[in-house]
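> Let me give you the structure first, and then I'll get to my questions.
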Amino acid sequence: MNILLVYPEYPDTFWSFKHSLKFIAKKAAFPPLGLLTVAAMLPDVWQKKLVDLNVEPLTDEQLAWADLVFLSAMIVQKESALQIIARCKAQGKKIVAGGPVFTTQHEQFADVDHFVLNEAEITLPLFLDDLAAGHLQPVYSSKERPDISQTPVPLWSLIDFRNYATMSIQYSRGCPFNCEFCDIIIMNGRVPRMKSPEQMQREFQALFDAGWRKSVFIVDDNFIGNTQKVKQLLPVLIKWQQEHQFPFTLLTEVSVNLAADEELMQLMSAANFFKVFVGLETPNQASLVECGKKQNTAGSSLAEVVETIHRHGMQVMGGFIVGFDQDPENIFDMQVRFIQQIGVVTAMVGILTALPQTRLWQRLKAEGRLLTDATGENTDGRLNFKPKMEKKKLIEGYQKLLTTLYSPKQYYQRINTFLNNYTPTARTRINKEDLLAFMRAAWRLGILSKARFRYWKLIVKTFFVNRRALPIAVELAIHGFHYEKILKRVCRP
């Protein structure tokens, strides 16, 4: 059989880095890891092609070649997914769909022929058995949580590495916490399931053998969900990195309890982790209690958490939310002061969203406060529920918050605050792409930008005071250019 795996296009979002990617001549930030993994689960004798609409268009010739079209998407890719489905139906192609948006909203996609929902390790074999027997069902779903220690290495041969800024690997699924607004436990449960250290070593080796030499995103929703297991994994990764002269810099997502575990921070630093995303959410304690974010209210202050992680050579990228029922009228000023104080440069601030099937969604539905489906875009400023705060005040306050945070003055101020507390430890490789990015930044940010004096002041100061941090300083300045473009879209009248 000829199998065409199609990944829909992302809109221009905070995390797309669309405008930053031009500086390094890349087309997309990350590859479609889910589809690459599914491809490895399909029979070896089948012919497979992958089309990522974030790097290339889908052609009629590609559709004509396919016997089946496999489609995976997140909620934010819904509109693009619907367009692909329409094209497939127009050509009479059978569609097999899975992934987050279909798992939670499959009833909204009437033209999909077969849904393979939840986790593919369980449901895909059921589909394949029925396909072989000639009696396919419309929906395959399961509440069973698979053992992912048997999950195959993604089929990297289906993509061109040159199109992407960062590669992706998954280590675990599930998170032990139960934040009201989060859909991770809906998808993957509360008991983290891990791959073995040997398995992760094979995945690292596969990327290395395929020629990758740059950053790798361990996509887990909480990499340290099981700290005991992670501490068994990290020495293996450290040894592998040492033996291969540290070809990868690593980034991932963690919870705030990382900062309370000195051994874990040292191990992650030694393994060459240089960035971590942390859901900090809000400085308002009542709002943290409201959403069940208990881990953020225990132990050290959130400011101390960020400072501690920065000292261990890992840049904190932070998630922040406004729109909680317990948010006071001055929450927007509180967020600005908080984010500026802690020096989180990459600050993703969004209005609270009720994602399908989450505890928040269930509560708001019971209260009659749900309005529309979620867009899946964290920072588009759209409300899909009735907030306690007056709607106009919430949206205007949110837009002012973003405008303030990403003004050149505030943004470069945060970069300097971050660099003052940051001790670079990661071993990085400066390549041709990095040098080209620096030259493009010198032109676009250092000459054409209204913030050019701030840019050169940052570069000169970093060169003389913290020279090892110069690559991250340039990178953050480039990302500021991207955020400025996103800001104009979100805050337009």
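The values are calculated or read from the model by the stated rules, or taken from the named source; none is laboratory data. Since this is a predicted model, take the numbers as computed values, not measurements. No Cβ is skipped: glycine too gets one built from the backbone with ideal geometry, and neighbour counts run over all protein chains shown.
> Looking only at residues that are of a type in the set (A, V, I, L, M) and in a loop (DSSP other than H, G, I, E, B) in the stretch 133-174, which one is nearest to Leu251 (Cα to Cα)?
My answer is Ala165.
> Is it true that Gly92 is out of contact with any Pro (no Cβ under 9 Å at 6 or more places or on another chain) and on the phi > 0 side of the Ramachandran plot? Reasoning before the result, please.
On the way: out of contact with any Pro (no Cβ under 9 Å at 6 or more places or on another chain): yes; on the phi > 0 side of the Ramachandran plot: yes.
Taking the combined requirement at face value, the residue satisfies it.
> Under the condition of being of a type outside the set (Val, Ile, Thr) and either modelled with pLDDT under 95 or surrounded by 13 or more Cβ atoms within 10 Å (Cβ to Cβ) (or both), which residue from the stretch 109-120 is farthest from the chain's Cα centre (by Cα)?
Ranking the candidates gives Asp113 first.
> In addition: What is the number of the single condition among (1) in contact with a strand residue (DSSP E or B) (Cβ under 8 Å, 6 or more places away or on another chain); (2) without any contact (Cβ under 8 Å) to a residue 12 or more places away in the chain; (3) acidic (Asp, Glu) that Glu281 does not meet?
(2)
> Would you point out which residue out of Thr104, Thr123, Thr151 is buried (at least 19 other Cβ atoms within 10 Å of the Cβ), farther than 21 Å from Leu58 by Cβ, modelled with pLDDT under 95 and of a type outside the set (A, V, I, L, M, F, W, C)?
Matching residue, one of Thr104, Thr123, Thr151: Thr104.
> Which of the residues belonging to the stretch 1-29 are under 22 Å from Asn118 (Cβ atoms) and either of a type in the set (Ser, Thr, Tyr) or assigned to a loop (DSSP other than H, G, I, E, B) (or both)? Can you show your working first?
Start the filter on the stretch 1-29 by keeping residues that are under 22 Å from Asn118 (Cβ atoms), which leaves 3, 5-8.
If the condition is that a residue be under 22 Å from Asn118 (Cβ atoms) and either of a type in the set (Ser, Thr, Tyr) or assigned to a loop (DSSP other than H, G, I, E, B) (or both), then Tyr7, Pro8 are the ones that fit.
> Is there a residue being among the aliphatic types (A, V, I, L, M), closer than 21 Å to Phe273 by Cβ and outside the structural domain of Arg382 (by TED's automatic domain parsing) anywhere in the stretch 449-457?
There is no residue in the stretch 449-457 that is among the aliphatic types (A, V, I, L, M), closer than 21 Å to Phe273 by Cβ and outside the structural domain of Arg382 (by TED's automatic domain parsing).
> Looking at the structure I just gave you, is Lys231 out of contact with any helix residue (DSSP H, G or I) (no Cβ under 6 Å at 6 or more places or on another chain), basic (Lys, Arg) and either part of a helix (DSSP H, G or I) or within 30 Å of Lys388 (Cβ to Cβ) (or both)?
So Lys231 fits the description; yes.
> Could I ask something else about it? Is it the case that Arg202 is outside any loop (DSSP other than H, G, I, E, B), assigned by TED's automatic domain parsing to the domain that holds Thr358 and among the basic types (Lys, Arg)?
It is true that Arg202 is outside any loop (DSSP other than H, G, I, E, B), assigned by TED's automatic domain parsing to the domain that holds Thr358 and among the basic types (Lys, Arg).
> If you check Thr428 against the conditions, is it of a type in the set (Val, Ile, Thr), closer than 30 Å to Gln245 by Cβ and in contact with a strand residue (DSSP E or B) (Cβ under 9 Å, 6 or more places away or on another chain)?
yes
> Inside the stretch 236-289, can you point out the residues that are closer than 23 Å to Asp325 by Cβ and more than 19 Å from the chain's Cα centre (by Cα)?
Thr282, Pro283, Asn284, Gln285, Ala286, Ser287, Leu288, Val289
> Also, I was wondering about something else. Run Ile459 past the list (1) under 21 Å from Lys214 (Cα atoms); (2) modelled with pLDDT of 95 or more and report the number of the one that doesn't hold.
(1)
> Considering Lys409, Lys400, Lys386, Lys392, which residue is of a type outside the set (Gly, Ala, Ser) and free of Cβ contacts under 8 Å to residues at least 12 places away in the same chain?
Among Lys409, Lys400, Lys386, Lys392, only Lys392 is of a type outside the set (Gly, Ala, Ser) and free of Cβ contacts under 8 Å to residues at least 12 places away in the same chain.
> Got a sec? Which helices (runs of 4 or more DSSP H) wholly within the stretch 345-439 have at least 1 residues that are under 22 Å from Gly480 (Cα atoms) and of a type in the set (A, V, I, L, M, F, W, C)?
So the answer is 391-405, 408-421.
> Also, quick follow-up: Determine which single condition Ile486 fails, assuming it passes every other condition in (1) modelled with pLDDT of 95 or more; (2) under 21 Å from Leu21 (Cβ atoms).
It fails just one condition, (1).
> Would you confirm whether any residue within the stretch 425-442 is surrounded by 20 or more Cβ atoms within 10 Å (Cβ to Cβ) and out of contact with any helix residue (DSSP H, G or I) (no Cβ under 6 Å at 6 or more places or on another chain)?
Looking for residues that are surrounded by 20 or more Cβ atoms within 10 Å (Cβ to Cβ) and out of contact with any helix residue (DSSP H, G or I) (no Cβ under 6 Å at 6 or more places or on another chain), one finds at least one in the stretch 425-442, hence yes.
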